[in-house]
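Colleague: Let me begin by handing over the structure; questions about it come next.
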Amino acid sequence: MTGGTRRRPRAARRSTVAAIALMVGGAGLIAVNTYASASETNETNQSGTTRLAAGAAGSTVDCPEVADSLPELSEKALAGVSDELAAMDTQVTDAYQRLTRMGTAPGAGEKVKGEVLDPLEKSRAESIGRITDSIGKSTGERPSGLDDLAACEVRTAPGGTTGNGSGDAGADGKDSGDKGSGDQGTGGDGGTPPAAGGENGNGPEATDFVDIRTVRPNVNRAPEARSGASRGSFSVDCGVNENKNYNTDNVIVAPGVTNGAHHTHDYVGNQDVNAFSNNDTFAAAGTSCDAKGDKSSYYWPVMRVQDGTQEFDQNNDGGGKEGNVGKILTAKQAEIKYVGSPTSKVVGMPKFLRIITGDAKAFTNGTANANAHFSCTGFEDKVQLTDKYPICPKGSDVVRSFAFQSCWDGQNTDSANHRSHVAFADANGNCAGGFKAIPQLTMRLVYSVPTPVIANGQVKNAYAVDGFPEQLHKPINDHDDFISVMDQNLMNQVVDCLNKGRNCGAGTPPENGNGAGKGDDDGGNGNGESDDKGGKGGNGKGDTGNGGATEAPAKGGTPNGQDEAKGSGGSGDEAVKSGGTAGADAPRTESTVASEAQRAQSGANPGTSASPSAVSRPEGGEDQEPAGSVNPAPQAEGSQGSLAETGSQLWPAAAGALMLCAGLVVLLRSRRHTARR
């Protein structure tokens, strides 16, 4: 019978169908958006290279550094050892790349051991065996303990490189948090594995960046100069590598080995530097320096912005094949300057002296040799970062600074680990027994960098320094290299200038004019040589008088502080007030970073007096800006990205949620209408 059957009105059926359609469509949009977010770390970038899975990108291969345990070697023995050390770098890089291809599937642990760690340990053991044989033949005694350095491990990269430790910089430059309870992130809570970062999946990550305006000032005062100090400075102008002289070699660490650096270097100064160069070719080469007597090689890892640009090395070793991708940035300024010692006169550098400052493997090696410094123009005298890349305010540029070792053993131009023949001065500026003070090389590289934007735990428009792929593009790996190839006449000028307290070289005014002083007795009336032509330097009077203000990174020049005389400080850029500390508080005519390096042997990270993580908030809360900060308007809305950026990523999910809610409302109203009928 059909008489008792009640049919649903046509309008109600249509409302129900419409409601179901809205609900299904909304749920679909939410699902698509969620899937897209989840699969971001496995996407294919513009170069066609598939990025690494999140778990793989958060892990790296950690091996003991063999070079740090080598005895001193003859030049002949060192050549053979260097070949094997370079081979071991390649072994680690290859192992890391195998690791990243595995991902984090169930049971991957045993697979990693069998296919990554065991073969790596075997190849490293063979290389170590050849190293000990070579040393034994050269010295008659085989070194012990090297065999214990063959084994490596896989560890998950924490959000930062220094564990859970935090704390303010102490008066002696040592961080009160030390390395932190996490100890490189392998202990303590260690944090959770980060999402895949960077255009090629091996960094940097969002946690590698910090808005510099949120960092508490952490730069301490330089050691006070003593009577007899060498207060002068000598600047050289070698350009910014406008001619794009690049390669991925490292003639200091891996002579004779192509792609010994596994990353690309900028070169200024000597124009014939590659894996196969030697002292003879250095001496015969041309130079990009204005002073043609300076054929020194100044080189550093390039910095890139990961914007999808396919550079010339996109498919090359050391470039895109090893995770170094994006547009290479040429520095807008490369300031190279030699400064003196706060405690003594300096002696000349020997020709062909080789110095490396910083550690290209500091992320896995630890911070013992780290010497990275990042800041922003206008903040350099207040904040220096070691393991974070700064996000600079609008109108401010990114700055990389280096201060090289300033003490030399008086005999060797290199050493087995490329470090022990030179050293940093102690916290008071003194060289250790048997070491002599030499002109300290300082460098300041300024970059115009597109602003990184951080949203949903990801960083877009990231920039990073090139490095070994397994180092995950962490900023703490930054380093700089130098080979001294000055002719004797020019080196004598440098020493004389520093020891007599004058400011000489490129960009300095003529002597006895309104610039560098006459010498030991009377300081001239000098103009600050900063980016914005900072104010006048004070008049130096007395037997330690120093010519005008020098180039200071904080725009405005360091005033002429003296040991036994008064120096009146000059005023610089209004936004910065004054560059450096006035009067007796600024006895040295050098940059802030250069002065910090004198503290390196006091137990702190070489070259910095700041907290290793250097991301502490200012007192008074998260939103309070550090004292003396400039240019308060950010380029982006803080470190979390703009609302527009966030909205562009979330609108599909938001639209889906609205559709879903609308569908539910229509359905409920339709059912109530049907019930009333």
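The values are calculated or read from the model by the stated rules, or taken from the named source; none is laboratory data. Just so you know, these numbers come straight off a predicted model, no measurement behind them. Here the Cβ positions follow ideal geometry from the backbone for every residue, glycine too, while neighbour counts run over all protein chains shown. Heavy atoms of the whole protein, side chains included, go into the accessibility calculation; ligands, DNA and RNA do not. Shrake-Rupley method; radii C 1.70, N 1.55, O 1.52, S 1.80 Å.
Colleague: Filter the stretch 293-311 down to the residues that are polar (S, T, N, Q) and closer than 25 Å to N200 by Cα, then identify the one that is most open to solvent (accessible area, probe 1.4 Å).
Modeller: Only one residue fits best here, namely Q310.
Colleague: Given the structure, is K332 touching a residue at least 60 places away in the same chain (Cβ under 8 Å), charged (D, E, K, R) and farther than 20 Å from T100 by Cα?
Modeller: yes
Colleague: Now for a separate question. Residue under question is G260, and the condition is that it be at pLDDT 95 or above and on the phi > 0 side of the Ramachandran plot; does it hold?
Modeller: no
Colleague: Continuing with this model, one more query. Residues of the stretch 293-329 being touching an Asp or Glu at 6+ places or on another chain (Cβ under 9 Å) and without any contact (Cβ under 8 Å) to a residue 60 or more places away in the chain, which ones?
Modeller: If the condition is that a residue be touching an Asp or Glu at 6+ places or on another chain (Cβ under 9 Å) and without any contact (Cβ under 8 Å) to a residue 60 or more places away in the chain, then K321, K327 are the ones that fit.
Colleague: Look at the stretch 233-269 and say how many of its residues are in a loop (DSSP other than H, G, I, E, B) and touching a strand residue (DSSP E or B) at 6+ places or on another chain (Cβ under 6 Å).
Modeller: Number satisfying all stated conditions: 8.
Colleague: Here's another thing I want to ask about it. Which residues, taken from the stretch 428-464, are open to solvent by 10 Å² or more (accessible area, probe 1.4 Å), touching a Pro at 6+ places or on another chain (Cβ under 7 Å) and closer than 28 Å to R221 by Cβ?
Modeller: Matches in the stretch 428-464: N428, R444.
Colleague: Among what's in the stretch 268-292 and is in contact with a helix residue (DSSP H, G or I) (Cβ under 8 Å, 6 or more places away or on another chain) and open to solvent by 20 Å² or more (accessible area, probe 1.4 Å), pick the residue that is farthest from K332 (Cα to Cα).
Modeller: D272
Colleague: So which of H373, H418 is over 29 Å from E224 (Cα atoms) and in contact with a helix residue (DSSP H, G or I) (Cβ under 9 Å, 6 or more places away or on another chain)?
Modeller: Every option except H418 fails the conditions.
Colleague: For the stretch 453-464, give me the residue count where each residue is part of a loop (DSSP other than H, G, I, E, B) and either under 13 Å from the mean Cα position of the chain (by Cα) or modelled with pLDDT of 95 or more (or both).
Modeller: 1
Colleague: Okay, moving on. Kindly provide the set of residues from the stretch 382-411 that are touching a strand residue (DSSP E or B) at 6+ places or on another chain (Cβ under 9 Å) and over 17 Å from F209 (Cβ atoms), ordered by number.
Modeller: K382, S401, F402, A403, F404, Q405, S406, C407, W408, D409, G410
Okay, residues lined up against (1) among the β-branched types (V, I, T); (2) closer than 30 Å to R226 by Cβ:
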{"position": "V302", "(1), (2)": "yes, no"}
{"position": "Q306", "(1), (2)": "no, no"}
{"position": "F312", "(1), (2)": "no, no"}
{"position": "N316", "(1), (2)": "no, no"}
{"position": "G326", "(1), (2)": "no, no"}
{"position": "T343", "(1), (2)": "yes, yes"}
{"position": "I355", "(1), (2)": "yes, yes"}
{"position": "F363", "(1), (2)": "no, no"}
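Colleague: List every residue pair whose Cβ atoms lie under 8 Å apart, where the two residues are 6 or more positions apart in sequence or sit on different chains, the first residue falls within the stretch 130-145 and is farther than 15 Å from D83 by Cα and at pLDDT 90 or above, and the second residue, located anywhere, is open to solvent by 40 Å² or more (accessible area, probe 1.4 Å) and outside any loop (DSSP other than H, G, I, E, B).
Modeller: G145/S69
Colleague: Continuing with the same structure: Tell me which residues, restricted to the stretch 348-370, are charged (D, E, K, R) and closer than 14 Å to P64 by Cβ.
Modeller: Of everything in the stretch 348-370, those that are charged (D, E, K, R) and closer than 14 Å to P64 by Cβ turn out to be D359, K361.
Colleague: Mind checking which residues of the stretch 402-412 are buried (at least 19 other Cβ atoms within 10 Å of the Cβ) and assigned to a loop (DSSP other than H, G, I, E, B)?
Modeller: The answer is F404, Q405, S406.
Colleague: Something else: For the stretch 411-449, give me each residue that is closer than 23 Å to S82 by Cα and either under 19 Å from the mean Cα position of the chain (by Cα) or not aliphatic (A, V, I, L, M) (or both).
Modeller: If the condition is that a residue be closer than 23 Å to S82 by Cα and either under 19 Å from the mean Cα position of the chain (by Cα) or not aliphatic (A, V, I, L, M) (or both), then Q411, N412, T413, D414, S415, N417, H418, R419, S420, H421 are the ones that fit.
Colleague: Given the residues G232, G260, G201, which is the only one that is farther than 21 Å from T330 by Cα, buried (at least 23 other Cβ atoms within 10 Å of the Cβ) and in contact with an Asp or Glu (Cβ under 6 Å, 6 or more places away or on another chain)?
Modeller: Going through G232, G260, G201 in turn, just one is farther than 21 Å from T330 by Cα, buried (at least 23 other Cβ atoms within 10 Å of the Cβ) and in contact with an Asp or Glu (Cβ under 6 Å, 6 or more places away or on another chain): G260.
Colleague: Could you give me the residue pairs with C-beta distances under 8 Å whose first residue belongs to the stretch 264-275 and is free of Cβ contacts under 8 Å to residues at least 40 places away in the same chain and under 14 Å from G318 (Cα atoms), whose second residue is among the hydroxyl-bearing types (S, T, Y) and surrounded by fewer than 23 Cβ atoms within 10 Å (Cβ to Cβ) wherever it lies, and which are 6+ apart or on separate chains?
Modeller: A275/T258
Colleague: Please go through (1) among the aliphatic types (A, V, I, L, M); (2) within 30 Å of D317 (Cα to Cα); (3) part of a loop (DSSP other than H, G, I, E, B); (4) open to solvent by 10 Å² or more (accessible area, probe 1.4 Å) for A370 and return the number of the only condition it doesn't satisfy.
Modeller: Status for A370: all satisfied but (4).
Colleague: Is it fair to say S138 is over 31 Å from the mean Cα position of the chain (by Cα), among the polar types (S, T, N, Q) and surrounded by 13 or more Cβ atoms within 10 Å (Cβ to Cβ)?
Modeller: yes
Colleague: So for the stretch 394-401 (the condition being surrounded by fewer than 23 Cβ atoms within 10 Å (Cβ to Cβ), in a loop (DSSP other than H, G, I, E, B) and over 18 Å from the mean Cα position of the chain (by Cα)), does at least one residue qualify?
Modeller: yes
Colleague: Then there's this: Within the stretch 312-333, does at least one residue satisfy the condition of being within 13 Å of the chain's Cα centre (by Cα) and either open to solvent by 10 Å² or more (accessible area, probe 1.4 Å) or among the polar types (S, T, N, Q) (or both)?
Modeller: No, the stretch 312-333 has no match at all.
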